[in-house]
Amino acid sequence: MKNLLKIAVLLLLLAGFVRCKEQKKAETPAMEIVQSPTYPILGEGQLEAYDDTFWELVSQDAPLEILAEGHEWTEGPLWVSADSMLLFTDIPRNAVYRWKEGSGTTIYLEPSGYLGENFKGQEPGANGLLLDSTGALVLCQHGERQIARMTHPLDHPQPEYEVLAATFEGKRFNSPNDAVYKSNGDLYFTDPPYGLPEQAEDPGKQLPFQGVYRLGTDGKVTLLTDEFSRPNGIAFSPDEKVLYIANSDPEKALWKAFDVNREGLLENGRLLFDATDQVPGHKGLPDGLKVDDRGNLFATGPGGVFVFSDGGRLLGRIHTGQATSNCALNEDGGYLYITADSYLLRLRLK
């Protein structure tokens, strides 16, 4: 009798465990994939939702538009609200391009990142673009291995630059890649080796690491961290208390978040998301990223653009079918502009 009672109790416990598992499975939202209606490249352009909140940001019928094509490698998208234009770079062509609604794409600035002749590598041009507090254009110049500011106004661009930072402790940077301003005027930027002719093995590489730096308003350069193998995209949360950094290493394809202390330094680094296992099946790596006013993070990575909530929860992914390098938001957050291989794309947001 005792044995029968024990068996009955075990059966009841097992039944409860199964019901619990079924409830948890039912409560987990199913992945939902919607085909973007007007994106013809190789039949791609899927919107992939992991959380219903994704559809609060992106409409299921939002078209993924092609605004420009035929480039070599597009990067550095920057929305300039004063002129209602988007600037973006083509790094191999060493040029910055301008796109305007109704006018299409034209060359805006050339050369953009390498001012000499006969560059031996593949990425001579500017990468990340941004505006300083005066509205001047600031460029991460691969070929010149520096951060520089265009000395002419935006409406009269000329390839003349003022160097803002080119060295750390007397050694030349690798090739500044992407940057973001803090509201106090400090500039935070990443420095992987992609602009060097032989990248990490280049004989001209002077720093033994790939750093993330801060350029203070006093002109001082501070190393914030050297833990990344390929630091790339960088962005602040809206309150500037968190800094997000992408690592574009196929063996460590991930994003990290850091707290920013009162001195503007980084602490409490933590993994936001690891996409290394998705690299073999998708084009692209963690690259550029942007944060909207609500704290949602749009981060390019394997397959397209990952969308995270302000708490770091993966909401969904915008598949482009291309290796996707970077993205930008317009002034009201109504459009997401995406640079993807040879294309400039646009997606309407809510």
Worksheet item: In degrees between 0 and 90, to the nearest 10, how far off the longest principal axis of the chain does helix 2-27 point, with axes built from Cα atoms?
Response: 30
Item to complete: Just check region 70-300 against the gyration tensor rule for me: Cα atoms, a ≥ b ≥ c as the square roots of the eigenvalues, rounded for a/c under 1.5, and otherwise prolate or oblate depending on whether a/b exceeds b/c.
Response: rounded
Worksheet entry | Proximal charge balance of residue 262 [Cβ under 12 Å; K/R count +1, D/E count -1] | -3
Worksheet item: How many percent of the alpha carbon pairs in region 179-280 exceed a separation of 24 Å?
Response: 24
Worksheet, complete the sentence: For the residue 171, residue 122 Cβ pair and Förster radius 22 Å, calculated FRET efficiency rounded to 0.05 is 0.45
Worksheet item: When the Cα centres of region 291-342 and region 150-195 are compared, how far apart do they sit, in Å?
Response: 23
Discussion item. What does the extension gain come out to for residue 309 and residue 262, with contour length at 0.36 nm per residue minus their alpha carbon separation?
Written reply: 14.5 nm
Fill in: Ellipticity estimate at 222 nm from DSSP helix runs (n ≥ 4, -39,500 (n - 2.57)) divided over the chain, nearest 500
-2500 deg cm²/dmol
Practice prompt. Please find the FRET efficiency linking residue 156 to residue 274, where r is the Cβ-Cβ separation and R0 is fixed at 45 Å, and quote it to the nearest 0.05.
Written response: 0.50
Practice prompt. Could you pull out the GluC sites (Glu not before Pro) across region 207-291 that fall in loop regions by DSSP (anything but H, G, I, E, B) with no more than 10 other Cβ atoms inside 10 Å?
Written response: 251, 263
Worksheet entry | Loop-resident sites, region 165-235, for trypsin sites (Lys or Arg not before Pro), counting at most 16 other Cβ within 10 Å (DSSP) | 182, 220
Worksheet item: Nearest 0.05, what FRET efficiency do residue 330 and residue 202 give at R0 = 41 Å with Cβ-Cβ as r?
Response: 0.65
Item to complete: In nm, give the distance between the simple-model label positions of residue 183 and residue 52, each being 7 Å from the Cα along the Cα-to-Cβ direction.
Response: 3.4
Worksheet, complete the sentence: Stretched fully, the stretch from residue 237 through residue 218 gains (0.36 nm per residue minus C-alpha distance, one decimal, in nm) 4.5 nm
Fill in: Cα Rg over Rh - region 77-211, Kirkwood
0.97
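Bear in mind that the values in this text are calculations on the coordinates, not laboratory data. Everything numeric here is computed off the predicted structure, so don't read it as measured data. In this analysis, Cβ positions are derived from the backbone assuming ideal geometry, glycine residues included, and neighbour counts consider all displayed protein chains.
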